[in-house]
1. Compute the long axis of helix 195-219 from its Cα atoms, compare it with the longest principal axis of the Cα atoms of the chain, and write down the angle in degrees, 0 to 90, nearest 10.
2. Please state the shape class of region 129-205: rounded when a/c is under 1.5, otherwise prolate if a/b exceeds b/c and oblate if not, all from the C-alpha gyration tensor.
3. Got a sec to turn the phi values of region 59-64 into Karplus ³J(HN,Hα) couplings, 6.51 cos²θ - 1.76 cosθ + 1.60 with θ = phi - 60°, whole Hz, x for Gly and Pro?
4. Once you have a ≥ b ≥ c as the square roots of the Cα gyration tensor eigenvalues for region 1-68, tell me rounded if a/c is under 1.5, and otherwise prolate or oblate according to whether a/b is larger than b/c.
5. So if R0 is 45 Å, what FRET efficiency would residue 12 and residue 69 give, r being the distance between their Cβ atoms, rounded to the nearest 0.05?
6. Within 10 Å, count the other beta carbons around each residue, average over each peptide in 176-186, 206-216, and list them highest first.
7. Want the number for residue 195 to residue 93: 0.36 nm per residue separation, take away the alpha-carbon distance, what's left?
8. Could you order peptides 103-113, 23-33 by the average number of other Cβ atoms within 10 Å of their residues, highest first?
Amino acid sequence: MKLFSETFTIKKIPKVVWSSEDSFNLKPKPLTFIFLVFGLFLFGLGESLLITSGAGVGPYTVLALGISNLTAWSIGLSTFVISIFVLLLWIPLKQKPGIGTILNALIIAIMIDVCIKFVPTPENYISQIILAVVAVLTVGLGGGIYLVANLGPGPRDGLMIGLQEISNLSIAVVRAFLEISVVAVGWYLGGTVGIGTLLFAFGIGPAVALGLFLVGKVFN
């Protein structure tokens with residue numbers, strides 16, 4: 001019960017011995033950079049496993065599908081436009097990009113390409129759901145590690161941090177609100193929603209909060 005309450009009430013990104021003092025640090029300590037890359041590797045792996053699970057795509061992909069249906073844009077172009085829009089929302093929230101922001105896009109893209117080629121989709125429906133749950137937890141742990149490195153969040157995580165700071169709500173609540181809102185808009189626009197999509201939308205907030213909590217406890 002204590003773990004549950006502490007996880008769901010966490011509001012700040014923990015600082016540990018390997019956290020960068022400045023998110024705009026272009027020459028981080030080797031250990032900080034290693035944890036950043038490892039966290040992004042796990043984050044990308046989790047995103048990839050959700051796709052290969054066959055149980056449904058992530059909320060932002062649902063939104064990209066909906067926009068694509070309306071505009072005839074490709075899913076890739078729709079995803080790019082969404083990312084630019086989310087980054088523009090950083091301006092009033094006073095969020096700063098860093099090398100983690102750039103590596104976020106690169107590493108996740110690579111991991112998705114690799115997993116799609118080498119990780120088969122389970123044929124059993126129960127196995128698909130289990131893989132989707134594992135995917136959400138993996139994204140949460142990876143997100144916790146790379147955010148603690150403090151070298152710049154990805155577009156969605158930067159939006160989450162900025163909204164948390166102005167609302168003072170817990171990270172779990174803010175992230176869940178964002179993902180559920182994106183799913184709702186994407187579904188309204190015609191995007192396809194699966195069980196895995198709902199698991200991600202409702203579970204990623206608590207999963208990221210749990211990742212942050214565990215990293216803070218282990219390294220403090």
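1. With rounding to tens, the tilt is 10 degrees.
2. Oblate.
3. Listing the rounded values in order: x, 5, 6, 4, 5, 4 Hz.
4. It is oblate, given that a/c is not under 1.5 and a/b is not larger than b/c.
5. 0.70
6. Order by mean packing, descending: 206-216, 176-186.
7. Length difference between fully extended and current span is 33.5 nm.
8. The densest-packed peptide leads the list: 103-113, 23-33.
Taken together, the values in this text are just the output of simple stated rules run on the coordinates, not laboratory data. Please read all numbers here as calculations on a predicted model, not as lab measurements. Neighbour counts are summed over all protein chains in view; Cβ atoms, including those assigned to glycine, are modelled from backbone coordinates with ideal geometry.
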